[in-house]
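Only the coordinates and a few stated rules stand behind these numbers; no lab work does. Being a predicted model, the structure only gives us computed values, none of them experimental. Neighbour counts are summed over all protein chains in view; Cβ atoms, including those assigned to glycine, are modelled from backbone coordinates with ideal geometry.
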Amino acid sequence: MKKPPHSRFSRPRPADEDTWHQGADVEILFYARSLQKAAKTLIANLDLEPTPKTAWDAAPVIHLYRQAVELSLKMLVGEGSNFPKSPVDHITLSKTHSLRWLAQLVCQIIKALKWESEFKCEGIANLADFSSLVAELEELDPVAVALRPGNRRLDGSVPPQLQASNVVRLAGKLDTLLDLLNGTADGLAATLDMARDGITAEELLAGDDFGETIHWGTPIHHSGDQDRDSR
């Protein structure tokens with residue numbers, strides 16, 4: 001019998017559970033979604049053949065997606081903080097802004113759960129693709145890109161990697177990445193609930209019973225507060 005769709009927000013957390021977000025998981029989820037929605041709104045209004053005055057208009061899209069991805073990575077790592085060989089300290093998790101480090105922790109969690117074959121979506125076929133995309137995003141901080149030798153131009157024109165056409169291409173990949181991270185976090189929450197219900201470690205890592213709870217790559221909804229558990 002297939003289990004119903006599961007959300008990490010469908011059950012209250014234990015009162016004594018320590019988390020990096022101090023219980024503000026729902027608020028952070030909606031904020032991350034709003035960042036993504038704002039980025040998509042900017043993209044919809046971009047001039048793909050910009051003038052010198054509008055050449056940098058696509059750059060804020062990168063910043064918005066970066067924040068959304070950082071929060072989604074933290075949510076997943078927070079759910080699975082005890083799976084890496086060295087458990088993740090919640091204070092360190094709350095303070096870090098390193099996407100690469102967070103991606104490394106996600107990879108450790110996926111490997112510990114033996115979910116490598118499920119952790120994929122369009123454009124991300126394996127953990128190497130996942131790490132590569134996260135690294136690409138981290139490298140694209142607009143200010144850092146502008147300050148690199150060779151990128152500063154007397155006319156103020158934007159470096160190639162921040163041009164509108166390239167930003168739009170990357171945004172499509174990041175949308176699927178965010179869906180993958182959110183679906184995986186929900187699946188992990190279901191796994192932890194099974195553990196609390198007395199499922200053994202061997203059954204937990206086998207993966208057979210909770211595979212249906214993970215909805216990889218399902219598009220997110222932006223219609224307000226409704227049905228946040230439908231992923």
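Some notes on this structure:
- Dipole of region 25-211 [Lys/Arg +1, Asp/Glu -1 at C-beta], most positive-end residue of Leu177, Gly80, Ser98: Ser98
- For the residue pairs Lys95/Lys120; Lys85/Lys111; Lys85/Lys114; Lys74/Lys173; Lys37/Lys173; Lys85/Lys173, the C-alpha atoms sit more than 22 angstrom apart in Lys95/Lys120; Lys85/Lys173.
- At most 14 other Cβ within 10 Å, DSSP loop - GluC sites (Glu not before Pro), region 96-133: Glu116, Glu122
- Charge dipole magnitude, Cβ of K and R +1, D and E -1 - region 83-130, Cα centre, debye nearest 20: 200
- Count Lys and Arg as plus one, Asp and Glu as minus one, and take only other residues whose Cβ is under 15 Å from that of Lys40; the net charge is then +2.
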